[in-house]
Amino acid sequence: MEERMRGIGEMSRESGLSVSALRFYDGAGLLVPAAVDPWSGYRRYSDDQVVTARLLARLRRVGMPLPQVRRLLEHRDDAALVDRLLRAHLARLEQGLADARRELSAARTLLSLESPMTTRLTTTAEALRAALRTVRYAVGTDPELPMLTGVLLDAGDGAVRLAATDRYRLAVASLDATLEGPAASVLLPVALVDQLLAGETTGPVTVELDGDDVVVGTVRGRRLDAEFPDYRRVLPAGAEHRLDVDAAELRTILAEAPTRTVPTGPDGAEETATVLTLGDVEMGVNRAFLLEALDAGGAGQLVLELDGPLAPLAIRDPRRPGDVSLLMPIRLTA
């Protein structure tokens, strides 16, 4: 029996592929017509090509890339290979669906479909200034490290903390505040911090964090577009050596402590370290940095904690257990 041939229009109706798609797959070499009239260019397709076209249509409807479609069609009699190609594409589709779910979940949060985006803290002007003053001294000034040139306001998990670091010292202060809305971490520019520290208002104050905007009472600013390092990872949970000392007494110890000039690098640079002895541990510190930490913390009893001569020195105020200043040591020996 002579094989029936059909034109491109009929082939389109039988296969589910549009006429333009049939022309495209002809040009791509995936579905070349059985015959083409040399004068009119009219395409004609055979019976067995209808099955191929239907298979091609289904594979493309599920987004299988052309190279994989071509390979599958060329090896359609190899059942094991066809199965591997279909399974691999299904795995890609499932991964794409998982990725889409994550992106849509993030979009839902950004669009505030499930929770408000504004975080609101209620505290007092005095408490806010005290917390800012505790950490302000540790703000970095290196323009190449913009993430260290502000004060982090970290609100979440039922606690509000302020943090600042210049890599050589880290200051963390807790803030007694009522939190409304989602958790938020906002890097406050130092200009805004200094403006708040210069204020003289008293009583309750509201801090609103809404996107890039920061509103504290009547003062408005913009958050820094930088990612503050995870300060929680370096906070000490305890220490081997502990010393209770009065802030005034520690100032006297610093004034009388010996100093030592030590190298800071292979280029011959040097710095002067103040040598402190805590228990049986001798360590080097930057005297100016330690005095700034004492000035920020105020008078009264302090607790010094240390795990060794090369571990950070932790300075705590027992009246404010959530506050801590960490000072990186200066290596006394090469």
note = All-but-one check, residue 235 against (1) within 24 Å of residue 319 (Cα to Cα); (2) over 32 Å from the mean Cα position of the chain (by Cα), failing number (2)
query = Taking the stretch 24-34 as the region of interest, how many residues are assigned to a helix (DSSP H, G or I) and within 17 Å of residue 5 (Cα to Cα)?
reply = 1
task = Take the residues in the stretch 35-90 that are part of a strand (DSSP E or B) and in contact (Cβ under 8 Å) with a residue 24 or more places away in the chain, then tell me which one is least open to solvent (accessible area, probe 1.4 Å).
result = 45
note = Of the residues in the stretch 148-198, those that are touching a Pro at 6+ places or on another chain (Cβ under 8 Å) and acidic (Asp, Glu) number 0
task = Return the total of residues in the stretch 280-334 being under 27 Å from residue 261 (Cβ atoms) and open to solvent by 70 Å² or more (accessible area, probe 1.4 Å).
result = 11
message = One residue is enough: does the stretch 225-245 have a residue meeting the conditions surrounded by fewer than 13 Cβ atoms within 10 Å (Cβ to Cβ), assigned to a strand (DSSP E or B) and out of contact with any helix residue (DSSP H, G or I) (no Cβ under 9 Å at 6 or more places or on another chain)?
response = yes
inquiry  = All but one of (1) acidic (Asp, Glu); (2) part of a helix (DSSP H, G or I); (3) more than 26 Å from residue 148 (Cβ to Cβ) hold for residue 292; state the number of the condition that does not hold.
reply    = (3)
message = So if I check each of 122, 141, which one is in a strand (DSSP E or B) and open to solvent by 40 Å² or more (accessible area, probe 1.4 Å)?
response = 122
Condition check for residue 221: under 27 Å from residue 118 (Cβ atoms), touching a residue at least 60 places away in the same chain (Cβ under 8 Å) and of a type in the set (Gly, Ala, Ser) = no
Those residues of the stretch 154-180 which are acidic (Asp, Glu), within 19 Å of residue 190 (Cβ to Cβ) and out of contact with any helix residue (DSSP H, G or I) (no Cβ under 7 Å at 6 or more places or on another chain), in sequence order = 154
Residue list for the stretch 166-211, restricted to those being of a type in the set (A, V, I, L, M) and surrounded by fewer than 16 Cβ atoms within 10 Å (Cβ to Cβ) = 183, 191, 197, 198
key: Selection from the stretch 247-262 of residues that are touching a residue at least 40 places away in the same chain (Cβ under 8 Å) and open to solvent by less than 50 Å² (accessible area, probe 1.4 Å)   = 247, 250, 262
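The values are calculated or read from the model by the stated rules, or taken from the named source; none is laboratory data. Not measured: the values here are computed from a predicted model. Virtual Cβ from ideal backbone geometry, glycine too; neighbours counted across all protein chains shown. Surface areas here come from the heavy atoms of the whole protein model, side chains and all, with no ligands, DNA or RNA. Shrake-Rupley method; radii C 1.70, N 1.55, O 1.52, S 1.80 Å.
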